[in-house]
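**Student:** Have a look at this one.
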Amino acid sequence: MSTIVVGLYKEPRAAKKAFEALVAAGCQEKDIDTFDGAGNADKASQELLGHGFTKDVAQRYAAAIKQGHTLVAADIADQDADAAEAILDENGAIDLPESSSHQSKKPAKADNGANVEEETVPVVEEQVEIGKRRVSKGGMQVTTEVTETPVRETVRLREEKVDVQRHKADRALGADEADTAFEEKTVEMTAISETPEVTKEARVVEEVVVSKKATEHDKTVEASARRTDVKVKPTGDRPGTNKR
């Protein structure tokens, strides 16, 4: 009686090493199949189904092959199955990647010589924590800008002008003029004029105060924590993975 032993590899080089190690251990090359590339995925699935693998497991191996993995499947005599599995593991065989609804499955060798399959279904429970965070609720922006308003006012200005005139005269000097008539002297007269002058004084006529006030209130927050429950019930017999 013989058993199909499989090993899944991320790298084609590792799969080739596993193939060569099986041959070196005495396996016939015709009894070892290597599946890689998307074109061989369906062929690998049909091959596994033909050897008693469940449809779910076969499809998941096919999906892994489509994702770039390489599958090595060897038809091994029951008494050599454990050694063959050890060779596959030593050369880097990985667990079957998880599907959306199952954990990884990997055929194992039972004590009676038959392949058995183990599957772990996790029970998942969410932990909910309710806290608080700061978010912006909008505010007010105050911007100052400068505008100009023309101011017009009429101002009366006084302007002086100095004028010099000569007049012909023919008269005798007065008594007060005779004493100073021949003294040198200088007479000055300055004209004063007014010009417009603008003065400015900045005064505060209004104040805009920007402030914010904080209040606190209680709010009840509701959330749901999900949990998966596992129900176990018997089903019909499933095919094994032995091949005669």
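The values are calculated or read from the model by the stated rules, or taken from the named source; none is laboratory data. In this text the structure is predicted, and so the values were computed from the model without any measurement. In this analysis, Cβ positions are derived from the backbone assuming ideal geometry, glycine residues included, and neighbour counts consider all displayed protein chains. Heavy atoms of the whole protein, side chains included, go into the accessibility calculation; ligands, DNA and RNA do not. Shrake-Rupley method; radii C 1.70, N 1.55, O 1.52, S 1.80 Å.
**Student:** Need one word for segment 45-101: rounded, prolate or oblate. Basis is the Cα gyration tensor (sqrt eigenvalues a ≥ b ≥ c); a/c below 1.5 gives rounded, then a/b vs b/c decides.
**Tutor:** Verdict is oblate for segment 45-101.
**Student:** OK, next. Taking a threshold of 23 Å on the Cα-Cα distance, which of the pairs 17/55; 10/231; 10/66 fall above it?
**Tutor:** 17/55; 10/231
**Student:** Continuing with this model, one more query. Once you keep just the Cα pairs under 8 angstrom separated by 6 or more residues, what percentage relative contact order results for the chain?
**Tutor:** 27 percent
**Student:** To the nearest Å, what is the center-to-center distance of segment 116-157 and segment 25-41, using C-alpha atoms only?
**Tutor:** 62 Å
**Student:** What relative contact order, as a whole-number percentage, does segment 2-76 give when Cα pairs under 8 Å and 6 or more residues apart are counted?
**Tutor:** It rounds to 54 percent for segment 2-76.
**Student:** Separate question: Output wanted: per-residue J couplings in Hz (rounded whole) for segment 224-231, from phi through Karplus 6.51 cos²θ - 1.76 cosθ + 1.60, θ = phi - 60°, x for Gly and Pro.
**Tutor:** 10, 9, 8, 8, 8, 10, 9, 10
**Student:** Right, next: Might you report the magnitude of the Cβ-based charge dipole of the chain about its Cα centre, with Lys and Arg at +1 and Asp and Glu at -1, to the nearest 20 debye?
**Tutor:** Computed charge dipole of the chain: roughly 1240 debye.
**Student:** Could you pull out every one of the aspartates and glutamates with an alpha carbon less than 19 Å from that of residue 219, ignoring same-chain neighbours closer than 8 positions?
**Tutor:** Correct list for residue 219: 129.
**Student:** Out of these labelled values of Cα Rg over 2.2 N^0.38 Å, [x] 3.07; [y] 1.07; [z] 0.96, which was calculated from the coordinates shown here?
**Tutor:** Label [x] holds the value from this structure.
**Student:** Assign unit charges at the C-beta atoms only (+1 for Lys and Arg, -1 for Asp and Glu), then state the dipole size of segment 132-244 relative to its Cα centre in Debye, rounded to the nearest 20.
**Tutor:** Computed charge dipole of segment 132-244: roughly 3600 debye.
**Student:** Over the chain, with the other protein chains present, what is the accessible area per residue in square angstrom, probe 1.4 angstrom?
**Tutor:** 87 Å²
**Student:** A further question follows. Give me the percent of the accessible area of the chain that comes from carbon and sulfur atoms, probe 1.4 Å, all protein chains in place.
**Tutor:** Of the solvent-accessible surface of the chain, carbon and sulfur hold 46 percent.
**Student:** Residue farthest toward the positive end of the dipole of segment 116-177, with Cβ of Lys/Arg at +1 and Asp/Glu at -1: which of 172, 146, 157?
**Tutor:** Selected residue: 172.
**Student:** Along segment 206-219, what does the Karplus equation 6.51 cos²θ - 1.76 cosθ + 1.60 (θ = phi - 60°) give for ³J(HN,Hα), rounded to whole Hz, x for Gly and Pro?
**Tutor:** Couplings: 6, 10, 10, 10, 9, 8, 9, 10, 9, 10, 10, 8, 8, 9 Hz.
**Student:** Which residue, chosen from 72, 187, 50, occupies the Cα position most advanced towards the positive end of the dipole of the chain, where the dipole is computed from +1 (Lys, Arg) and -1 (Asp, Glu) charges on Cβ about the Cα centre?
**Tutor:** Final value for the positive-end residue is 50.
**Student:** To continue, here is another question. Before rounding to the nearest 500, sum -39500 (n - 2.57) across all DSSP H runs of length at least 4 in the chain and divide by the residue total; then give [θ] at 222 nm in deg cm²/dmol.
**Tutor:** -6000 deg cm²/dmol
**Student:** Whose amide H sits under 5 Å from the amide H of residue 76, counting only residues 5 or more places off or on another chain, with H placed in the peptide plane?
**Tutor:** Sorted by chain and number, the residues that satisfy this are 3, 4, 5.
**Student:** Let me ask something else about it. Hey, what did segment 140-214 get for relative contact order, percent, Cα under 8 Å, at least 6 apart?
**Tutor:** Relative contact order, segment 140-214: 49 percent.
**Student:** What aspartates and glutamates sit close enough to residue 16 to cross-link, taking a C-alpha to C-alpha distance under 17 Å and skipping anything fewer than 8 places away on the same chain?
**Tutor:** Excluding near neighbours in sequence, the set is 29, 31, 33, 36, 75, 85, 89, 90.
**Student:** Return the sequence-ordered ³J(HN,Hα) values of segment 125-142 in whole Hz as given by the Karplus equation 6.51 cos²θ - 1.76 cosθ + 1.60 applied to θ = phi - 60°, using x for Gly and Pro.
**Tutor:** 10, 7, 9, 9, 10, 10, x, 8, 9, 8, 10, 7, 10, x, x, 10, 10, 10
**Student:** Sticking with this one: Can you tell me which of 54-66, 127-139 comes out highest on packing, and rank the rest after it, using the mean Cβ neighbours within 10 Å?
**Tutor:** Ranked from most to least packed, the peptides come out as 54-66, 127-139.
**Student:** Cα extents of segment 135-219 along the three principal axes, largest first, in whole Å?
**Tutor:** Between the extreme Cα coordinates on each principal axis of segment 135-219 lie 117, 24, 16 Å.
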